[in-house]
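A.B. asks: Supplied in structure tokens, the structure appears directly below.
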4 protein chains.
Amino acid sequence: MSGNTFGKLFNVTTFGESHGLALGCIVDGCPPGLELSEEDLQQDLDRRKPGTSRYTTQRREADQVKILSGVFEGKTTGTPIGLTIENTDQRSKDYSNIKDTFRPAHADYSYMHKYGVRDYRGGGRSSARETAMRVAAGGIAKKYLKERLGIEIKGYLSQLGPITIDKVDWDEIRNNPFFCPDVDKVPEMEDYMKALNKEGNSVGAKIVVVAQNVPPGLGEPIFDRLDAELAHALMSINAVKGIEIGAGFDCVAQKGTEHRDEITPEGFLSNHAGGILGGISTGQDIVASIALKPTSSLHLPGRSVDVHGNAIEVSTHGRHDPCVGIRATPIAEAMMALVLMDHFMRNRGQNADVEPITPVIPATPASY
Amino acid sequence: MSGNTFGKLFNVTTFGESHGLALGCIVDGCPPGLELSEEDLQQDLDRRKPGTSRYTTQRREADQVKILSGVFEGKTTGTPIGLTIENTDQRSKDYSNIKDTFRPAHADYSYMHKYGVRDYRGGGRSSARETAMRVAAGGIAKKYLKERLGIEIKGYLSQLGPITIDKVDWDEIRNNPFFCPDVDKVPEMEDYMKALNKEGNSVGAKIVVVAQNVPPGLGEPIFDRLDAELAHALMSINAVKGIEIGAGFDCVAQKGTEHRDEITPEGFLSNHAGGILGGISTGQDIVASIALKPTSSLHLPGRSVDVHGNAIEVSTHGRHDPCVGIRATPIAEAMMALVLMDHFMRNRGQNADVEPITPVIPATPASY
Amino acid sequence: MSGNTFGKLFNVTTFGESHGLALGCIVDGCPPGLELSEEDLQQDLDRRKPGTSRYTTQRREADQVKILSGVFEGKTTGTPIGLTIENTDQRSKDYSNIKDTFRPAHADYSYMHKYGVRDYRGGGRSSARETAMRVAAGGIAKKYLKERLGIEIKGYLSQLGPITIDKVDWDEIRNNPFFCPDVDKVPEMEDYMKALNKEGNSVGAKIVVVAQNVPPGLGEPIFDRLDAELAHALMSINAVKGIEIGAGFDCVAQKGTEHRDEITPEGFLSNHAGGILGGISTGQDIVASIALKPTSSLHLPGRSVDVHGNAIEVSTHGRHDPCVGIRATPIAEAMMALVLMDHFMRNRGQNADVEPITPVIPATPASY
Amino acid sequence: MSGNTFGKLFNVTTFGESHGLALGCIVDGCPPGLELSEEDLQQDLDRRKPGTSRYTTQRREADQVKILSGVFEGKTTGTPIGLTIENTDQRSKDYSNIKDTFRPAHADYSYMHKYGVRDYRGGGRSSARETAMRVAAGGIAKKYLKERLGIEIKGYLSQLGPITIDKVDWDEIRNNPFFCPDVDKVPEMEDYMKALNKEGNSVGAKIVVVAQNVPPGLGEPIFDRLDAELAHALMSINAVKGIEIGAGFDCVAQKGTEHRDEITPEGFLSNHAGGILGGISTGQDIVASIALKPTSSLHLPGRSVDVHGNAIEVSTHGRHDPCVGIRATPIAEAMMALVLMDHFMRNRGQNADVEPITPVIPATPASY
């Protein structure tokens, strides 16, 4: 496959540029019989969509998804589901001035070397606008996982620039524009973002995604381990530079006695593994963290070169997120849902014969 | 694919258990005309193989690789290359006592849930012994990349438990059993490992892998970005719990002005991106870091359950690496080589028409 | 992949039902820099589209294709090309009466067993209407193959029910509604079809597709041989029941001395191989034939069962092609184009290093 | 994938040349818990192996298969199964004289153009010797399909050169070296082959393969239809030039009323569809026919060119099958088994939720 498809049995292929006519995707392999409407997908799209707070880009997109196929009389039919979202608020002339420049930290330079041409309007294909389709596709997976298997996938912002959180209150996440689960840190984040906007700068963020109630047995060793596929999926999100499963980089300084999650009949005593051993889910919560770099589009000028190799100075105007990490939570959830859905189906394909012969150890009470 | 294959055009499929007759793999898609001998592959296998120092497992395996096909009169023919390594030093009775137990932090529990059976001897398929075949397969990719494209891939240990390094001297790496590039830290590491062995405990480690002289343009957006595929490849290595590209998790607290790698006609002014923008290589050094958890097999007893759900206490005897990270450097190099080789071929397949029309910016002098 | 994607490097994924809102596809992997407009694709769509003669279904569809992405300033950018065709002439109530019946020779029964539900309007996903997207996608491949490599792909009807052709005049094909290359047989075909329509019956057909000027070396042994992939592609067309490459079934009674295509420096002396040896193109014309079954929708009643297992009698009203083979020529061309394009790219990916060291034998003058 | 892998969930990757050290394959995705021994696979290998009658090549190979992994205590574990067969009766010097020649109808010329080099000993990778591994791999699929699902796959020779059969007696097939189900035709075939050997010529053959007791619902529209995948699988067998499903090319002259298989509650009234509608199995017997070309290696001289482009005359000595079709029956069975196994698993992966709500129509009594 040429890179725009993710998944083996449950897979999604996306198309579309930031300032093209429309974005779209095909979700192939969805089991039949799932009730599905556009409203089901709109929820997460609305969580991701721009222009909903002063801390994200002011581009206003309705991000209204349309189901073109694969659903009949309100239920999926097992055939491919075609989805589109029209682009409505394009201001392509905002970009004419960058036609011949390579913006630092953007994909301009690498796309130009790869393809020899590029759709420079708003980053073209490299724009995070493409992730709208992932959220839509992930919404289908999320719905199936929740309704049929009771799996719940949810994420939050765990760090905004220098500001870390102290607690996780799942109910707080929807109450603020940062997806922050610690209500006490929200004012600090607001102040930080205001100062950042004034400065014309941007900042990075860290997101945590958790899947609860995942059955043991998902993941295909050796190369398609659940953690490896999650790493693939999450690293494919624009601006992500780091991935952790469970203890992540903390495990470097841990001793074996500390890291290993001891087991009792009543439950695992910890979850440093992040719910995955040997690349296969254990039934504990799956926990992944991602690092997102600061937005590359800045009002503050930076040094670069143009397509002819001349030294230039670039500063980006137009409308941009000062912290791309803020809107990344639903995207990360969607990618985790796509991975779990695909692995649920793959595992069922190979191992449906397996009779449950071993005890299922209860998951550790969550503590993230 | 069922999980034991990696790569699209240049791909490797492995088989084999820790205590089976043999390990093996098939490398499919290798370009014809590459000079290749078993000695070429043996070099890295010897770097990875156990029993070469007192800081790794005392299991002694010759790890002698055999080329069964795909090479004729000393050159690859473009047909699949079959490789095998016989297992010679198996002491399977070491494991009979764990037949009915789930060792904490091992894949015993998750494999049992997935497959209903498991080859419990030495971890079976979940043993890191499988990585020998990746090193062999990666050796083919490494050779092609170096000889035809001048790409050099090399790694080192950047942290052993609490001990970090202060400098990277590439020439030192081969002079100590830790793959440590900082000669001044080697005595400290030796002392640490001796104490650890005495204690019967294990510890984590951090590895850095670098690819130099990579041409711009490798990587297939959206999902098969070069960084996403690297994350997949590296996370598929046993015991890995975290991945960073370039600045990695440091980017969370970075501002845009700090993170963005400014460009001048003479070169990029930094390499926080780790050589990848928009999922495509920029021509700068590709830099990835991985976190490896402490070995799960410990002499120190831990709580667990058996296959019947009874509470038990487990301590592992037999021969084990006290720090699996130590031998991971050649494995990480191999995985990076497999990714780059595949993407070189995929890019050539799609984009061989593209004429180089833009300036190639020199890579930043390395500083890791 | 879940079955709606074809190709590895150059691939197409389709969606859409006969009576849904729209059909669509994503073409991923198209090399950048190809001039491409909707008109380029419309040509073949118009050749395939219904309602253009009295010998095809009277359903009238504009089959107007829309390019939603992947083309910028008139040229492909290397990113995925999203295409859609709206369904305009749906008369879904024509089908309400078949909701609970399994029409003989249709996919009703098998879809119902597979998915438990089906979009019964016009065959839903199993309708040949889906092939419109293949023709659109194949049009991109055809254009690249012709402009960059000089490869020409063309097909014709070689048999209509009992009527065979005696000669192949490429220029005649476009002059009659049957894609018949033998002008002398056209009146006979017209009479036959009129009688068939009157009878309310349908009939089978045979199509030949040829690719000229294909370079030697395309095709990936062992399983992805060029002939095997062509067989896959052509058999995936609705109603196809047989495939031949070159001599096809005639080779059963041939002796080795008769079948083998002897070679001289001036050219091959025959082309029983159909341009493929060992699964790899030889540079001779690639020749494939396909058998298409008679349309399953008939006015003449037939015995069947309903979804409750009761015996019923079915006769299909609505608008149908009396011979689906007639419109199959552009579809077969499109599928051959998709196969050749993908294999051209795959071969270039693996074997671009290979220097042409052997003589290229001229292709045999065509005789089909 | 680079062409040496077949299947998505249950897949096989093969390696090995005719005169290399060994052939081998990896079967990935086999469900755990299947009893499996080398003897299970040896049965079909012995049916295929050379040197068992005077009508096949006199090369003597034990074709003894070795299971290297994936089986523990007599049962599959769900991990990849590594298989090898050593080459023992190589007479490579038989081939030194063809090093620089392109034998007509062989893959010499096309391999040389593709790869620039070739292992000329016995055809190297293009030799039908490779199919031994397919038979071994197919044996695993066959065993699962039979034991778990009751599916039986069997084939026979339906035509040898000009000699067709009049009846199918399944019990006769094993009683003669031709896999001929019509005992009355065996003497004629013997005489024909003797004369052919004397003449130094070869001839084509036709094989039929049937799968009985296949559940409805297997096959993935649009591109991975069961018939399309069967066509792919069967056309990938060396020397195959034609494929038919059910009525095959006979459907061209059939009318709709004749071709359509009418349905009654007691069963389908015919099986022109060959057990597949809309690319999905119907529960009727799956019936496929293949045409195999005459062996290309002949004692009778033919015109060709050498690698320098000079006109030469070639006659092949060494040991060869005068009719490659004779030994093809177990190979065709194996390929059909691989397709059905993969599709059984893929269907289970996507559609295990589907409750059987429609009547299962009994299969037509077989008549081939």
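A.B. asks: Can you compute 3J(HN,Hα) from phi for each residue in region D:328-334, using the Karplus curve 6.51 cos²θ - 1.76 cosθ + 1.60 with θ = phi - 60°, rounded to whole Hz and x for Gly and Pro?
C.D. replies: So the Karplus estimates, Gly and Pro as x, are 7, 4, x, 5, 5, 4, 4 Hz.
A.B. asks: What list of ³J(HN,Hα) values in whole Hz, one per residue of region A:337-344 in order, does the Karplus curve 6.51 cos²θ - 1.76 cosθ + 1.60 (θ = phi - 60°) give from phi, with Gly and Pro shown as x?
C.D. replies: Along region A:337-344, the couplings run 5, 4, 5, 5, 4, 4, 6, 4 Hz.
A.B. asks: Determine which chain B residue has its Cβ at minimum distance from the rotation axis mapping B onto C, giving the value in whole Å.
C.D. replies: B:GLY349, 1
A.B. asks: Determine by what factor the alpha-carbon radius of gyration of region C:14-58 differs from 2.2 N^0.38 Å, reporting the quotient. Could you put the intermediate results ahead of the total?
C.D. replies: On the way: Rg = 14.0 Å, N = 45, 2.2 N^0.38 = 9.3 Å.
Computed over Cα atoms of region C:14-58, the ratio equals 1.50.
A.B. asks: Around D:ALA22, with a cut-off of 10 angstrom between Cβ atoms, what is the net charge of the other residues, counting Lys and Arg +1 and Asp and Glu -1?
C.D. replies: 0
A.B. asks: While we're here: Please give the per residue volume of the convex hull enclosing the alpha carbon atoms of the protein assembly as shown, rounded to a whole number of Å³.
C.D. replies: About 153 Å³ per residue, rounded to a whole number.
A.B. asks: List every residue whose amide H lies under 5 Å from the amide H of D:PHE72, counting only residues 5 or more places away in sequence or on a different chain, with H placed 1.01 Å from N in the peptide plane.
C.D. replies: Under 5 Å from the amide H of D:PHE72: D:THR77.
A.B. asks: Leaving ligands, DNA and RNA out of it, report the carbon-plus-sulfur percent of the accessible area of the protein assembly as shown at a 1.4 Å probe.
C.D. replies: Ligands and nucleic acids excluded, carbon and sulfur reach 46 percent.
A.B. asks: To continue, here is another question. Over what distance in Å are the Cα centres of region D:113-177 and region C:1-56 separated?
C.D. replies: 37
A.B. asks: If we restrict to alpha carbons, what Rg and Dmax does region D:251-368 come to, in Å?
C.D. replies: 22.4, 68
A.B. asks: ³J(HN,Hα) across region C:10-20 via Karplus (A = 6.51, B = -1.76, C = 1.60, θ = phi - 60°), whole Hz, x for Gly/Pro?
C.D. replies: 9, 10, 10, 10, 10, 9, x, 10, 3, 10, x
A.B. asks: Treating only the Cβ atoms of Lys and Arg (+1) and Asp and Glu (-1) as charged, compute the dipole magnitude of region A:30-96 about its Cα centre; round to the nearest 20 debye. Write out the running numbers ahead of the final one.
C.D. replies: Numbers: 10 positive and 12 negative charges, 87 e Å.
The dipole of region A:30-96 has a size of about 420 debye.
A.B. asks: Which Cα, out of D:SER289, D:GLN350, D:ALA363, lies furthest along the positive dipole direction of region D:272-368 (beta carbon charges, K/R +1, D/E -1)?
C.D. replies: Working it through, the farthest residue towards the positive pole turns out to be D:SER289.
A.B. asks: If you don't mind, there's one more thing I want to ask. Would you grab the residues whose amide H sits under 5 Å from the one on D:LEU21? Only those 5+ places off in sequence or on another chain, please, with H modelled 1.01 Å from N.
C.D. replies: Amide H to amide H, under 5 Å and 5 or more residues apart or across chains, D:LEU21 pairs with nothing.
A.B. asks: What residues qualify as long-range amide H neighbours of B:PHE268, i.e. H under 5 Å apart, gap of 5 or more or another chain, H built at 1.01 Å from N?
C.D. replies: Under 5 Å from the amide H of B:PHE268: B:THR364.
A.B. asks: Then there's this: Classify region C:7-140 from the C-alpha gyration tensor, please: rounded if a/c falls under 1.5, else prolate or oblate depending on whether a/b exceeds b/c.
C.D. replies: The shape class here is prolate.
A.B. asks: Oh, and also: Averaged over its residues, how many other protein chain Cβ atoms are within 10 Å of peptide D:285-294's Cβ atoms?
C.D. replies: Whole-number average of other-chain Cβ neighbours for D:285-294 is 4.
A.B. asks: Can you give the average number of partner chain beta-carbon atoms within 10 Å of each beta-carbon in peptide C:130-139, as a whole number?
C.D. replies: Details: counts 4, 1, 0, 1, 2, 0, 0, 0, 0, 0.
So the per-residue partner count for this stretch is 1.
A.B. asks: Once each part is reduced to its C-alpha centroid, what is the distance from region D:300-363 to region B:278-348 in angstrom?
C.D. replies: 40
A.B. asks: Scan region C:213-285 for GluC sites (Glu not before Pro) in coil per DSSP, keeping those whose Cβ has at most 15 other Cβ atoms within 10 Å, and list them by number.
C.D. replies: The qualifying sites are C:GLU266.
A.B. asks: Which shape class, rounded, prolate or oblate, goes with region B:215-267 when its Cα gyration tensor gives a ≥ b ≥ c as root eigenvalues, a/c under 1.5 marks rounded, and past that a/b bigger than b/c marks prolate?
C.D. replies: Cα axes put region B:215-267 in the oblate bin.
A.B. asks: Loop-only check: which GluC sites (Glu not before Pro) in region A:35-113 are DSSP coil with at most 11 other Cβ within 10 angstrom?
C.D. replies: Hits after loop and neighbour filter: A:GLU73.
A.B. asks: Roughly what % of Cα-Cα distances in region A:147-279 sit above 26 Å, to the whole percent?
C.D. replies: 35
A.B. asks: At q = 0.21, 0.22 Å⁻¹, what log₁₀ I(q)/I(0) does region D:145-224 have when each alpha carbon counts as one equal point scatterer in the Debye sum?
C.D. replies: -0.94, -0.99
A.B. asks: Same structure again: Two-decimal Rg/Rh of region C:221-313 from alpha-carbon positions, Kirkwood Rh? Mind showing how you got there, number by number?
C.D. replies: Values: Rg = 19.7 Å, Rh = 16.2 Å.
Rg divided by Rh gives 1.22.
A.B. asks: Anything over 31 Å Cα to Cα? Flag those among C:LYS75/C:LYS154; A:LYS206/B:LYS146; B:LYS241/C:LYS75; A:LYS8/A:LYS49, in the order listed. Can you show the working numbers first?
C.D. replies: Working: C:LYS75/C:LYS154 25 Å; A:LYS206/B:LYS146 37 Å; B:LYS241/C:LYS75 43 Å; A:LYS8/A:LYS49 28 Å.
Correct reply: A:LYS206/B:LYS146; B:LYS241/C:LYS75.
A.B. asks: Continuing with the same structure: Need one number: nm distance between label points at C:ARG60 and B:GLU39, each 7 Å from Cα along Cα→Cβ, rounded to one decimal.
C.D. replies: Placing both labels 7 Å beyond Cα along the Cβ direction yields 7.9 nm.
A.B. asks: Can you give the accessible area buried between chains C and A, summed over both chains, with a 1.4 Å probe, in Å² to the nearest 100?
C.D. replies: Working: alone 17790 and 17790 Å², together 32230 Å².
When C and A are taken together, about 3400 Å² of accessible area is lost.
A.B. asks: Which value, in Å², gives the accessible area per residue of the protein assembly as shown when a 1.4 Å probe is used on the protein heavy atoms?
C.D. replies: Heavy-atom SASA per residue in the protein assembly as shown reads 30 Å².
A.B. asks: Now a separate question. Which order do D:SER2, A:SER315 take when ranked by solvent-accessible area (1.4 Å probe, heavy atoms of all protein chains), largest first?
C.D. replies: Sorted descending by solvent-accessible area, the residues read A:SER315, D:SER2.
A.B. asks: Now for a separate question. Using a ≥ b ≥ c from the Cα gyration tensor of region D:80-237 (square roots of the eigenvalues), is it rounded, prolate or oblate, where a/c under 1.5 gives rounded and otherwise the larger of a/b and b/c decides, a/b for prolate?
C.D. replies: Oblate, since a/c reaches 1.5 and b/c is not below a/b.
A.B. asks: For region D:28-105, which trypsin sites (Lys or Arg not before Pro) are both in a DSSP coil and crowded by at most 13 other Cβ atoms within 10 Å?
C.D. replies: Values: sites: D:ARG47, D:ARG48, D:ARG54, D:ARG59, D:ARG60, D:LYS66, D:LYS75, D:ARG91, D:LYS93, D:LYS99; in loops: D:ARG54, D:ARG59, D:ARG60, D:ARG91, D:LYS99.
Those satisfying the criteria are D:ARG54, D:ARG60, D:ARG91, D:LYS99.
A.B. asks: Please average, across the residues of D:29-41, the number of beta carbons from any other chain that are within 10 Å of each residue's own beta carbon, and give a whole number.
C.D. replies: 3
A.B. asks: Over its Cα atoms, what ratio of radius of gyration to 2.2 N^0.38 Å does chain B give?
C.D. replies: 1.02
A.B. asks: In debye, nearest 20: dipole of the protein assembly as shown around its Cα centre with unit charges on the Cβ of K, R (+) and D, E (-)? Could you put the intermediate results ahead of the total?
C.D. replies: Details: 160 positive and 192 negative charges, 1 e Å.
Using only the charged Cβ atoms, the result is roughly 0 debye.
A.B. asks: With unit charges on the beta carbons (Lys and Arg positive, Asp and Glu negative) and the dipole taken about the Cα centre of region B:138-178, which residue among B:SER158, B:GLY139, B:PHE178 sits farthest to the positive side?
C.D. replies: Checked the options; the winner is B:GLY139.
A.B. asks: Follow-up. I want to verify a result. In a Gaussian network model of chain C, Cα cutoff 10 Å, which of these has the top mean-square fluctuation: C:SER110, C:SER202, C:SER69?
C.D. replies: Its mean-square fluctuation being the largest, the pick is C:SER110.
The values are calculated or read from the model by the stated rules, or taken from the named source; none is laboratory data. Every value quoted in this text rests on a predicted model; they were computed, and no experiment measured them. Neighbour counts run over all protein chains shown; Cβ positions are idealised from the backbone, glycine included. Quick note on the areas: whole protein, heavy atoms, side chains included, nothing else; ligands and nucleic acids left out. Shrake-Rupley method; radii C 1.70, N 1.55, O 1.52, S 1.80 Å.
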